[in-house]
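First the structure, in the form of structure tokens, and then the observations on it.
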Amino acid sequence: MALLDRNTSYPPSFRAEKLEQDQAELLSKFGLLDARQPLASPIHRVDCYRKGQHYQQDVGPQYGIHYTDTVNQLRSLARQHVDFFQSRVIDLSTSGTQQHLVLENGQQLQARLLVLATGGNVINPLAFKLGMRQQATRELRSLSFAFDICRADGQPYDFQSFNYFLDPREHQIDYITLFPIGDSVRINLFTQWHPKDMRVRAMRRNPMRELDEYFPGLFEQIGDSVPTGSDKVALFPTQYYQLSKVEQPGIVVIGDEFQSVSPATGKGLSKVLTDVDVLSGLIPQWLETDGMTVDKIQQFYRHPDKQAVDSLAKREWVYLADNALHPEIISKVKRKLAKLMGVG
Ligand SMILES: Cc1cc2nc3c(=O)[nH]c(=O)nc-3n(C[C@H](O)[C@H](O)[C@H](O)COP(=O)(O)OP(=O)(O)OC[C@H]3O[C@@H](n4cnc5c(N)ncnc54)[C@H](O)[C@@H]3O)c2cc1C
């Protein structure tokens with residue numbers, strides 16, 4: 001078995017920073033929960049603030065993680081069991097029996113099965129070459145921000161985690177979440193802004209002033225706060241797509257390369273870990289018989305667990321976007337439904 005990546009170490013990157021309960025359970029099932037970094041205590045209670053109301057929610061164990069450190073830790077464990085090749089894959093050809101890869105460093109490799117987990121978001125020339133296309137939905141977009149903060153008086157925050165939800169109809173902002181990662185407190189802000197929106201620059205330049213404007217009463221709730229460290233405000237734009245024409249011999253596409261995810265839904269790791277879970281059930285069976293024909297590959301894309309998590313991730317994204325973009329239609333539909341069901 002071989003693991004190929006263009007980088008030896010996963011570079012610093014703004015990706016998933018919180019592990020939800022279902023994701024922690026899958027990592028635990030793989031025997032890898034202790035590979036998350038940092039190995040911090042779980043969050044069990046979230047303070048929430050919505051429409052001027054403060055309430056607390058008990059949650060299954062959640063963990064703040066550094067995505068980069070976690071991936072690198074997982075990779076160092078994997079390297080004890082696989083051959084690792086550090087190079088960009090620049091070409092590939094596939095068939096029902098043998099797959100062929102060309103690496104940027106000139107090496108060529110053969111395999112029975114390829115698993116493409118290249119992270120998506122940009123059009124991938126390898127998938128494109130095989131005729132796979134991103135079927136995008138322009139209205140489904142998200143723009144996320146992240147930075148570290150601390151209380152201005154140097155005291156610790158008196159919450160384990162804090163979520164402040166907005167009505168996305170007002171400013172196309174979904175919510176902010178604050179949670180510990182190691183010794184720092186991280187803030188993630190999830191919006192549906194276009195990357196060229198004027199508000200993006202203001203948020204990067206003066207995040208505390210902007211948060212104060214969009215989230216009334218935030219600093220009364222959590223205490224006066226300041227950004228920490230010299231790290232700039234990180235941001236990441238995404239748009240919904242799913243890859244088409246994926247049912248092909250010899251190759252499976254997983255994670256964000258197969259279907260993008262809105263960070264606001266917190267479903268990205270559920271998707272990629274479910275893909276891994278489903279594949280680890282199927283691959284040993286596939287290898288028992290000759291060939292890697294399309295009927296084997298279809299079992300992955302048509303697996304109920306995979307379809308359920310992909311469809312949930314999309315539905316939650318649509319729900320967020322519908323609320324922000326078509327508030328009148330949505331509330332009309334909701335009222336109609338409520339009438340039909342005899343409630344409200
Ligand atoms: C800002 C942000 C916040 C998020 N927050 C959350 C959250 O709170 N909870 C959650 O569940 N999800 C969250 N997500 C989603 C989650 O991060 C992703 O779903 C997940 O990281 C996808 O993992 P992946 O393995 O598909 O891709 P990646 O982790 O991006 O891995 C892709 C890998 O492919 C390699 N690669 C690419 N092309 C080549 C090539 N040609 N040759 C060799 N190697 C190549 C790259 O080097 C990289 O190592 C967030 C995403 C973003 C952007």
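Things to note:
- Amide H within-cut-off set for R6, under 5 Å, with H built and near neighbours excluded: S87
- Extension gain (nm, one decimal) between N206 and D277, 0.36 nm per residue minus Cα-Cα: 21.4 nm
- For the chain, the carbon plus sulfur part of the accessible surface works out to 52%, probe radius 1.4 Å.
- Based on alpha carbons, the Rg and Dmax found for the chain are 21.8, 67 Å.
- q = 0.14, 0.22 Å⁻¹: log10 I(q)/I(0) that the Debye formula gives for region 138-237, counting C-alpha atoms only: -0.50, -1.25
- Estimated translational D of region 230-324 in µm²/s (Stokes, Kirkwood radius over Cα pairs; 37 °C; 0.692 mPa s): 223 µm²/s
- Cβ-derived FRET efficiency at R0 45 Å, Q155 paired with S311, nearest 0.05: 0.55
- Average accessible surface for the chain: 53 Å² per residue, computed with a 1.4 Å probe over protein heavy atoms with every protein chain in place.
- The distance between label points at D183 and N121 comes to 2.9 nm (points 7 Å beyond Cα on the Cα→Cβ vector).
- A straight chain from K245 to D22 at 0.36 nm per residue would run longer than the Cα-Cα distance by 77.4 nm.
- If you run the Gaussian network model on the chain, springs between alpha carbon atoms under 10 Å, then out of Q37, Q80, Q221 the most flexible one is Q80.
- Theoretical FRET efficiency, 1/(1+(r/R0)^6), r = Cβ-Cβ of T8 and Q53, R0 41 Å, to 0.05: 0.25
- FRET efficiency for D148 and E170, using Cβ-Cβ distance with R0 set to 25 Å, rounded to 0.05: 0.40
- With a simple spin-label model that places each label point 7 Å from the Cα along the Cα-to-Cβ direction, the separation between S95 and H194 comes to 4.8 nm.
- Angle in degrees between helix 268-288 and the longest Cα principal axis of the chain, rounded to the nearest 10: 20 degrees
- Out-of-range pairs (alpha-carbon distance over 31 Å; input K196/K306; K245/K267; K29/K196; K129/K306): K196/K306; K29/K196
The values are calculated or read from the model by the stated rules, or taken from the named source; none is laboratory data. Note that the structure is predicted; figures quoted are calculated from it, not measured. As a convention, Cβ positions derive from the backbone with ideal geometry for all residues, glycine included, and neighbour counts pool all protein chains shown. Quick note on the areas: whole protein, heavy atoms, side chains included, nothing else; ligands and nucleic acids left out. Shrake-Rupley method; radii C 1.70, N 1.55, O 1.52, S 1.80 Å.
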